[in-house]
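Participant: My structure is below; once you've seen it, I'll send some questions.
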Amino acid sequence: MSFHTIITGRRAALATAGLAASLAAAVTLGPVAASSATIDQMAAQGSLMRGSQACVGPFAAGAKDIVAGSGSAFSISPIGAVVNWQLRRADPDTDFFAEADVVQTATSDFFSTSVQAGDKLLPGNFWVCASVNSVSPVQYKMFVGNGLPA
């Protein structure tokens, strides 16, 4: 028996075990668990010019939520463009991004982040924001939302 055959056999056994576990979980949890899970998200897309900022939010997250945010930017599709990304967070009663604290930044053509349940930033309102220094317009797409409640 070759090394490749052993690896393939192990992968097949793991895949079968994973499928069985998934089916058992689906039968056990049933549609009640699936119907109680709520996924909320907000999305935005458009053009940015130097001196402008775009944000999506506020996404109101509870203490047991998972906050997820991402964005991508390009000047000529599919060529990426560098954008200054921010994840902003404010207290639950704040509804304007300018009053929120910047809790994470990145300068890239792609941004992805999450805040896990139990993090000190939760609960709160969250925004994903983007700005550019480029003279030419930059196209962006971004979202903020939650994962499944913990």
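Participant: Output the residue which, of all residues in region 123-138 that are polar (S, T, N, Q) and either in a strand (DSSP E or B) or on the phi > 0 side of the Ramachandran plot (or both), is most open to solvent (accessible area, probe 1.4 Å). It would help to see each step written out before you state the result.
Facilitator: Pass one, region 123-138, residues polar (S, T, N, Q): 125, 131, 133-134, 136.
In the following step, the residues that additionally are either in a strand (DSSP E or B) or on the phi > 0 side of the Ramachandran plot (or both) were identified as 125, 131.
Details: Asn125: 11, Ser131: 31 Å².
Applying the filter and picking the extreme gives Ser131.
Participant: Would you mind finding the one in Lys141, Lys120 that is assigned to a strand (DSSP E or B) and charged (D, E, K, R)? Working first, answer last.
Facilitator: Values: Lys120 fails: assigned to a strand (DSSP E or B).
Sole residue among the options that is assigned to a strand (DSSP E or B) and charged (D, E, K, R): Lys141.
Participant: Now for a different question. State which residue pairs qualify: first residue at positive phi and inside region 77-104, second residue at pLDDT 90 or above in any location, beta carbons under 7 Å apart, and separation of 6 or more residues or different chains.
Facilitator: Within 7 Å, no pair qualifies.
Participant: A further question on this structure: Return the only residue of Val82, Val102, Val138 being of a type in the set (A, V, I, L, M, F, W, C) and at pLDDT 95 or above.
Facilitator: Working: Val82 fails: at pLDDT 95 or above; Val138 fails: at pLDDT 95 or above.
Only one candidate qualifies: Val102.
Participant: Could we say that Pro92 is within 17 Å of Met42 (Cβ to Cβ), more than 15 Å from the chain's Cα centre (by Cα) and not β-branched (Val, Ile, Thr) here? Steps first, answer last, please.
Facilitator: Working: within 17 Å of Met42 (Cβ to Cβ): yes; more than 15 Å from the chain's Cα centre (by Cα): yes; not β-branched (Val, Ile, Thr): yes.
So Pro92 passes the test.
Participant: Could I ask something else about it? Which condition number does Thr113 fail, the rest of (1) part of a strand (DSSP E or B); (2) closer than 13 Å to Pro58 by Cα being met?
Facilitator: Of the numbered conditions (1) part of a strand (DSSP E or B); (2) closer than 13 Å to Pro58 by Cα, the odd one out for Thr113 is (2).
Participant: Step by step: first the residues of region 109-122, then only those that are of a type outside the set (S, T, N, Q) and more than 30 Å from Pro78 (Cβ to Cβ), then the one that is least open to solvent (accessible area, probe 1.4 Å). Which residue is that?
Facilitator: Start the filter on region 109-122 by keeping residues that are of a type outside the set (S, T, N, Q), which leaves 109-111, 115, 117-122.
Add one more test, that the residue is more than 30 Å from Pro78 (Cβ to Cβ), and what stays is 117-122.
Numbers: Ala117: 42, Gly118: 71, Asp119: 61, Lys120: 185, Leu121: 40, Leu122: 19 Å².
Ranking the qualifying residues of region 109-122, first place goes to Leu122.
Participant: A further question follows. Give the residues of region 104-146 that are over 12 Å from the mean Cα position of the chain (by Cα) and small (Gly, Ala, Ser), sorted by residue number.
Facilitator: Ala106, Ser108, Ala117, Gly118, Gly124, Ala130, Ser131, Ser134, Ser136 - these are the residues of region 104-146 that are over 12 Å from the mean Cα position of the chain (by Cα) and small (Gly, Ala, Ser).
The values are calculated or read from the model by the stated rules, or taken from the named source; none is laboratory data. Please read all numbers here as calculations on a predicted model, not as lab measurements. So basically every Cβ, Gly included, is an ideal-geometry build from the backbone, and we count neighbours across all protein chains shown. Please note that ligands, DNA and RNA were not included when accessible areas were found on the heavy atoms of the full protein model with its side chains. Shrake-Rupley method; radii C 1.70, N 1.55, O 1.52, S 1.80 Å.
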